[in-house]
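Everything on this sheet refers to the single structure shown next.
Values in this text are rule-based calculations from the coordinates and carry no lab data. None of these values were measured; they are calculated from a predicted model. Heads up, the Cβs are rebuilt from the backbone with ideal geometry, glycines too, and the neighbour counts pull from every protein chain shown.
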Amino acid sequence: MLYSIIVSPGLETIAREELSQRFDDTGHLKILERKPQRLLFQYTGDPRELFALRTAEHLFLVLKRIPKMTRSRSSLAALSGSLTRFNFKETFECCRQVGFSVRKRMPFRVTSRLSGKRNFRRADLQRVIEQALLKRGWYLTSGSSALDVWAEVHGDDGYISVKLSRNDMAQRPYKQAHIPASLKPTLAYSMVRLSRPHPDDVFLDAMCGAGTILLERALINRYRYLIGGDVSIDALDATITNFGRQHQPRQFFHWDARNLPLQPNTVDKIVCNLPFGETVGNVPQLTNLYRRCLKEYVRVLKPRGRMVLLTSQRTFLDDELQQLRFLKVGKQLTVDVRGKRAWIYVIHFT
Ligand SMILES: C[S@@+](CC[C@H](N)C(=O)[O-])C[C@H]1O[C@@H](n2cnc3c(N)ncnc32)[C@H](O)[C@@H]1O
């Protein structure tokens with residue numbers, strides 16, 4: 001069966017690594033292509049196992065992929081025509097496995113997406129796919145029993161897929177309490193992966209907000225100790241709520257990250273989503289925050305430790321790193337945070 005996952009912009013490589021790491025050994029996986037925000041792969045195992053992917057926003061079963069879509073309306077006919085005699089047996093089997101109820105007259109709805117210049121509109125794409133399925137005896141509904149059919153045209157590729165994931169694939173059950181500017185769990189997970197988690201890690205997020213990064217770390221594998229802190233009591237309360245009684249040993253502090261009550265050389269990994277300037281308003285304040293936090297992070301990090309920092313204020317971080325010649329940026333990823341461009345820096349000592 002052909003599947004695709006949708007990931008946040010910039011996380012394609014990490015998602016590919018996750019997919020390989022989880023499923024290469026099973027012999028069921030063959031990754032076919034990496035596209036912007038999308039990975040296409042064949043998987044012959046149980047589709048429910050794919051819901052374990054922590055980088056994925058959505059999981060789709062791809063019914064048809066039409067390469068070489070042109071701008072013309074005739075390529076629309078190729079896409080919809082492919083459904084006319086399509087054998088839904090395997091599709092329905094997969095849908096049943098993930099818990100959908102399948103009927104002969106299948107209730108459905110269509111979502112359409114279009115990018116690039118075309119001689120047809122998104123509404124045209126939607127309509128032809130709806131028509132093709134209505135002709136098969138299916139019926140349109142917006143009810144919860146509807147099969148979510150997606151019709152997409154991006155670049156040269158046309159896809160008709162069924163969305164297998166519900167809205168909670170990228171959401172996590174632990175996230176009960178929220179704070180403004182809280183990080184997406186998929187992004188937090190990706191940052192944690194970049195820290196190369198190890199069972200002996202003392203792991204720190206000194207500006208932990210609602211605790212997303214710490215929780216993603218806790219869920220990856222064993223660790224020696226988790227340390228979190230925040231200057232905001234509300235944020236700390238959210239972390240405590242989201243952790244509940246699980247994931248020991250850990251300790252949370254109400255602190256200012258510019259002055260950490262930690263001994264030098266005691267932390268293996270620091271993963272932190274630095275304030276973007278939405279809450280800490282002006283430039284001098286933000287410069288001061290970045291400078292002093294970085295100084296503290298350098299002080300508490302062990303010589304072979306790693307920092308993974310996320311910021312949209314690239315120049316502030318670059319300016320500070322310029323001063324600290326003994327630090328090396330091993331990797332830098334451009335990502336998207338709430339529609340804003342941001343960068344993940346993976347930093348270690350030279
Ligand atoms: C971008 S948010 C982090 C969000 C977090 N990663 C999450 O997913 O919920 C930044 C956090 O830094 C905290 N913060 C700002 N200045 C701080 C400081 N000087 N010391 C500690 N925390 C600080 C804010 O209270 C906020 O919770």
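For ARG299, indicate whether it is among the basic types (Lys, Arg), over 14 Å from PHE316 (Cβ atoms) and not in a helix (DSSP H, G or I). No, not satisfied.
A count restricted to segment 45-101 and to residues that are outside any loop (DSSP other than H, G, I, E, B) and touching a Ser or Thr at 6+ places or on another chain (Cβ under 8 Å) stands at 9. Any idea how many residues of segment 208-235 are within 10 Å of the ligand (Cβ to nearest atom) and in a strand (DSSP E or B)? Qualifying residue count, segment 208-235: 3.
For segment 90-112, taking the residues that are basic (Lys, Arg) and either surrounded by 14 or more Cβ atoms within 10 Å (Cβ to Cβ) or under 31 Å from the mean Cα position of the chain (by Cα) (or both), the one that is nearest to VAL153 (Cα to Cα) is identified as ARG109.
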